[in-house]
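Read through the structure below, which is laid out as structure tokens, and then see the notes.
The values are calculated or read from the model by the stated rules, or taken from the named source; none is laboratory data. What you are looking at is a predicted structure, and each value in this text was computed from that prediction instead of being measured. All Cβ positions, even for glycine, are placed from backbone atoms using ideal geometry, and neighbour counts span all protein chains on display. Just the protein is used for accessible areas: all its heavy atoms, side chains included, with ligands, DNA and RNA removed. Shrake-Rupley method; radii C 1.70, N 1.55, O 1.52, S 1.80 Å.
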Amino acid sequence: MTSTPAEEIRANSYVGFDTITQQIEHKLLKRGFQFNVIVVGQTGLGKSTLINTIFASHLIDSKGRLEADEPVRQTTEIHPVSHVITENGVKLRLNIVDTPGYGDQINNENCWDPIIKYIKDQHSAYLRKELTAMRDRHIQDTRIHCCLFFINPTGHSLRAIDIIVMKKLSEVVNVVPVIAKSDSLTLEERDAFKQKVRAELTYHNIRLYPFDTEENDDEEIQLNERIRNMIPFAVVGSEREVIIDGKPVRGRKNRWGVVNVEDETHCEFVYLRNFLTRTHLQDLIETTAQIHYEAFRSKQLLALKEQTNPRPQ
């Protein structure tokens with residue numbers, strides 16, 4: 001039996017159900033929002049600084065070696081840190097996962113395994129809570145919504161390890177690549193490097209966020225296309241303030257002048273920040289649930305079904 005589309009009727013007088021959006025907003029504001037991000041890249045690329053710059057708060061400290069006698073990490077470690085940030089009455093529970101030691105060894109084979117395992121473990125923990133008979137009303141969400149992947153600003157091409165790891169990560173999480181410390185490149189070198197990276201991503205069939213869906217309208221599709229044409233974001237991070245024309249700005253000062261982090265002609269930090277927080281924050285969360293977690297969930301439940309009902313020999 002096929003269902004016919006319901007006829008749209010305009011009410012003769014005011015009913016009030018249009019306030020449902022305000023009701024939803026009120027409940028969400030009381031509950032707050034959760035956003036989980038993992039940062040992946042070699043030591044010294046400014047991962048901690050960029051995260052602190054994006055959220056205009058000192059959230060994580062650098063995990064790099066500060067002393068000569070400090071031992072070199074032998075494995076990739078997982079360091080989650082949680083904070084609650086408030087802005088205009090909106091609470092954001094921010095979970096940042098750092099991965100010190102990644103890519104720092106002489107032999108980097110399988111150095112990505114702890115990162116992939118951590119991401120899958122969060123899916124697994126959520127699934128277990130979801131399947132319990134007396135599950136919580138609001139399950140705490142530790143699933144990773146975004147992976148910021150830091151690319152070394154060599155100006156040449158991606159390293160083999162970068163290609164392998166981005167390929168593997170893109171299968172389980174929303175990957176957003178950034179060229180770290182891009183002020184080490186001239187504008188011409190930066191643009192040429194970005195083109196090389198995009199060409200390599202296409203050649204190796206690495207599908208990065210954002211994704212277009214049937215729900216997207218024309219404006220959203222155009223915005224996503226502009227972002228894909230900009231990826232990887234060439235960024236500079238700084239928590240320090242410098243004075244430009246008598247005004248304090250976040251930037252980096254060197255002998256040739258000042259790099260203003262929030263000046264779009266200097267770097268693409270503003271585009272990255274707006275993308276992560278002002279236009280795609282909710283979509284990152286929804287895409288994690290509807291694409292990456294759903295794929296994991298389906299695979300696990302099918303495997304469970306096979307174990308419960310083995311095929312007859």
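Tell me, please, whether a residue that is under 20 Å from the mean Cα position of the chain (by Cα), among the aliphatic types (A, V, I, L, M) and farther than 27 Å from L92 by Cβ can be found in the range 203-214.
yes
Checking the structure you have, find out if any residue of the range 283-298 is crowded, with 19+ Cβ neighbours inside 10 Å, on the phi < 0 side of the Ramachandran plot, aliphatic (A, V, I, L, M) and at pLDDT 95 or above.
yes
Output the residues belonging to the range 181-236 that are open to solvent by 50 Å² or more (accessible area, probe 1.4 Å) and aromatic (F, W, Y).
Y203
Considering each of H123, H138 in turn, give the residue that is modelled with pLDDT under 95 and not aliphatic (A, V, I, L, M).
Matching residue, one of H123, H138: H138.
Hey, does the range 152-167 have a residue that's free of Cβ contacts under 8 Å to residues at least 12 places away in the same chain, over 16 Å from C267 (Cα atoms) and either surrounded by fewer than 15 Cβ atoms within 10 Å (Cβ to Cβ) or among the hydroxyl-bearing types (S, T, Y) (or both)?
Checking the range 152-167: at least one residue is free of Cβ contacts under 8 Å to residues at least 12 places away in the same chain, over 16 Å from C267 (Cα atoms) and either surrounded by fewer than 15 Cβ atoms within 10 Å (Cβ to Cβ) or among the hydroxyl-bearing types (S, T, Y) (or both).
So V90 passes all but one of these: (1) in contact with a helix residue (DSSP H, G or I) (Cβ under 7 Å, 6 or more places away or on another chain); (2) modelled with pLDDT under 90. Which condition number does it fail?
Among (1) in contact with a helix residue (DSSP H, G or I) (Cβ under 7 Å, 6 or more places away or on another chain); (2) modelled with pLDDT under 90, V90 violates only (2).
Residue by residue through the range 111-120, note down the ones that are out of contact with any Ser or Thr (no Cβ under 9 Å at 6 or more places or on another chain) and either among the acidic types (D, E) or open to solvent by 20 Å² or more (accessible area, probe 1.4 Å) (or both).
I116, K117, K120, listed by residue number.
Can you name every residue in the range 269-313 that is of a type in the set (F, W, Y) and either over 28 Å from D121 (Cα atoms) or part of a loop (DSSP other than H, G, I, E, B) (or both)?
Scanning the range 269-313 gives F269, Y271.
How about the range 160-195: which of its residues are part of a helix (DSSP H, G or I) and of a type in the set (A, V, I, L, M)?
Listed by number, the residues that qualify are A160, I161, I163, I164, V165, M166, L169, L187, A192.
Within the set of pairs 6+ apart or on separate chains, which have a first residue in the range 215-243 that is on the phi > 0 side of the Ramachandran plot, a second that is open to solvent by less than 100 Å² (accessible area, probe 1.4 Å), and C-beta atoms under 7 Å apart?
Close Cβ pairs satisfying both conditions: none exist.
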